[in-house]
1. For the chain, what's the relative contact order in percent, using C-alpha pairs closer than 8 Å and at least 6 residues apart?
2. Suppose every K and R has +1 on its Cβ and every D and E has -1 on its Cβ; what is the size of the dipole of the chain about the Cα centre, in Debye to the nearest 20?
3. Given 283, 344, 256, which one lies farthest toward the positive end of the charge dipole of the range 246-355, if we put +1 on the Cβ of every Lys and Arg and -1 on the Cβ of every Asp and Glu?
4. Considering the dipole of the range 450-550 built from charges on the beta carbon (Lys and Arg +1, Asp and Glu -1) around the Cα centre, which of 545, 461, 520 is farthest to its positive end?
5. Distance from the Cα centre of the range 295-318 to that of the range 517-546, in angstrom?
6. Please list 401-410, 157-166, 194-203, 178-187 highest first by mean number of surrounding beta-carbon atoms within 10 Å per residue.
7. Which entries of 316/536; 116/585; 5/199; 77/316 show an alpha-carbon separation above 25 angstrom in the structure shown?
8. Which residue, 125, 310, 393, has the largest displacement toward the positive end of the dipole of the chain when charges sit on each Cβ (Lys, Arg +1; Asp, Glu -1)?
Amino acid sequence: MTAMKLVRRKFDTLVIGAGGGGLRSAMQLAQADANVAVVSKVFPTRSHTVAAQGGMNAALANVVPDNWHWHMYDTVKGSDYLGDQDAIEYMCRAASHLVVELEHAGVPFSRLDNGKIYQRPFGGQSQDFGGAQAARTCAAADRTGHAILHSLYQQNIRAKTHFFDEYFAIDLVKDSDGYILGAVVLEIETGEPLLIEAKTTLLATGGVGQLFRTNTNAHINTGDGIAMALRAGIPVQDMEFFQFHPTGIAGKGMLITEGVRGEGGYLVNKDGERFMERYAPHAKDLASRDVVSRAIAIEVREGRGCGPNADHVMLKLEHLGAEVIKKRLPGIRDMAMTFIGVDPIEEPIPVFPTAHYTMGGIPTNRYGQVVVPLGEGAEEPIPGLYAVGECACVSVHGANRLGGNSLLDIVVFGRAAGNHIIEHLAEHRYHRQLDEGSIDQALARLARWEQSGDGESVDELRQELQRVMEEDCGVFRTEETLVQGVARVEALAERLQNVRLKDQSKVFNTARIEAFELENLMALGLATVKSALARKESRGAHSRVDYPDRDDERWMKHSLYYEDGRVDYKPVRTKPLTVDTFPPKARVY
Ligand SMILES: Cc1cc2nc3c(=O)[nH]c(=O)nc-3n(C[C@H](O)[C@H](O)[C@H](O)COP(=O)(O)OP(=O)(O)OC[C@H]3O[C@@H](n4cnc5c(N)ncnc54)[C@H](O)[C@@H]3O)c2cc1C
């Protein structure tokens, strides 16, 4: 296939990804009469946002006193002071408005007896800058993401967004001045490529949870958009910070929402001890996720784990009673009964930390524009390119995300990017001339996976990558494991060149898609392990046994990983928009 023969479609804007981030932007744009294309490799309502359980944070103060400034403080502290305070202020101020907007879009939030939106306590939340526990998470039972995604999809259908369902984005295309002008995508059913030209392109492709063997993520979360940005010459930010959620079903990885602990559930070790009281005397089971995950890993390592292999702890919620569990946590009960035959009304759930959330990603400013460094802290936007949601790093989560802040992030910055694109379209009314060479590059990648090698299968290699990442770059890291991790992932990347697609005689499209995904995973595995090796401190989710302390003097900076393996840094934006900076201090819960 040559660029000349390629089928082409033109839109004002191309949104790659139909999760909450992509659909919130697309809705904003379509309602403003822009001609919007949304490409998704799965049917939109199967995007991973559908799996979000516990809820979305906003200081509505419906249950206990609250305000956005306390939410901001908790988020900065939760980020272990690596979050950018201008973006965090913007997000926390916008939150209440965005919840109301979602409600008007059709999200059936759970209710209090007085009719107001129900809010549950989540980890890392406080009143009055570190005081009593707050209750800030707005929930639709334990199926909040499902409710949000379906409502946003319906609003997009109504606004006439054009959906390309089950199309896989391969690579971005640009003009000779570096303007991003759309992408080459592949129709999964037919294997036919298509060029979607657009005046602006938004990446909203979600996270890369499939890097790790035990994870809470869907099979599709392979970080495609982040890898596309990397191949387009954009360095990716803070990839060493990967969140391990404390309560995955032991041995399986599926998520048991923090909402369970928010409703009053708690963790015990083999002696029945409520061990979080030792690690976080004040917040206990509702300490920040990195703190709780490390505590569980230590309990198991020191021999206080449960079960025949002493390899997990127990999450108790029987004491909440059948009524609360059925009303507030029905999905969790279903999941525990289906996957491990445990009814949490009667017995505790075995849990262990599981890979969950990509804090790093494509660097953006708070308008969703993708930015690259110019030196001395200055940045410039890549013209025409935007990113929002879990694939982006704006950075509101810094080194550790607070539960309930991601659904918020995707709608706040989805909307902000939508608004910025509308302004951009008003000023740039005509399509620019594409550089045909950039199309050929994307097509060459396509051609690469038309041939099968005779090495191991894509699936075997993917599993090995996941095992290596878990062993060498998991909850606890050392120089030794990370040096080994870099060598092992580099060796796997070599083996990728000769990988065997599923069927030797005929290369099916799905096998090609899996090869593209593995290529993306491999690039981001390298980004993660190399960025982790370079950062010689412990901060948030990045826990170095050999450098156990946070080192603000040397390391309060964002990392930037380039495709050639180089790691560079840029400053944290510590100045908020209107309030005073929260300076770093010891992080205790
Ligand atoms: C089990 C679970 C529970 C969670 N619970 C909560 C919670 O209670 N509260 C909270 O705040 N956060 C929660 N999170 C996190 C939150 O749900 C996610 O971070 C967020 O939904 C991500 O949204 P997104 O729009 O960025 O991406 P996603 O929803 O992951 O969507 C990505 C989209 O990109 C598309 N895509 C990807 N690659 C390609 C490609 N190459 N070509 C075409 N399309 C592509 C996919 O098809 C999909 O449409 C949870 C996460 C998990 C895993």
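Every number here is computed from the coordinates shown, using simple stated rules; none is lab data. Note that the structure is a prediction, hence the values are computed from the model and not measured. Neighbour counts run over all protein chains shown; Cβ positions are idealised from the backbone, glycine included.
1. Numbers: 1389 pairs, mean separation 126.7, N = 589.
Answer for the chain is 22 percent.
2. On the way: 65 positive and 78 negative charges, 191 e Å.
Here the chain has a charge dipole of around 920 debye.
3. Most positive-ward Cα: 283.
4. The listed residue farthest towards the positive side: 545.
5. Cα centroid to Cα centroid, the span is 26 Å.
6. Values: 401-410: 28.3, 157-166: 16.9, 194-203: 25.6, 178-187: 23.3.
Order by mean packing, descending: 401-410, 194-203, 178-187, 157-166.
7. Values: 316/536 37 Å; 116/585 36 Å; 5/199 22 Å; 77/316 28 Å.
The answer is 316/536; 116/585; 77/316.
8. Toward the positive end, the furthest listed residue is 125.
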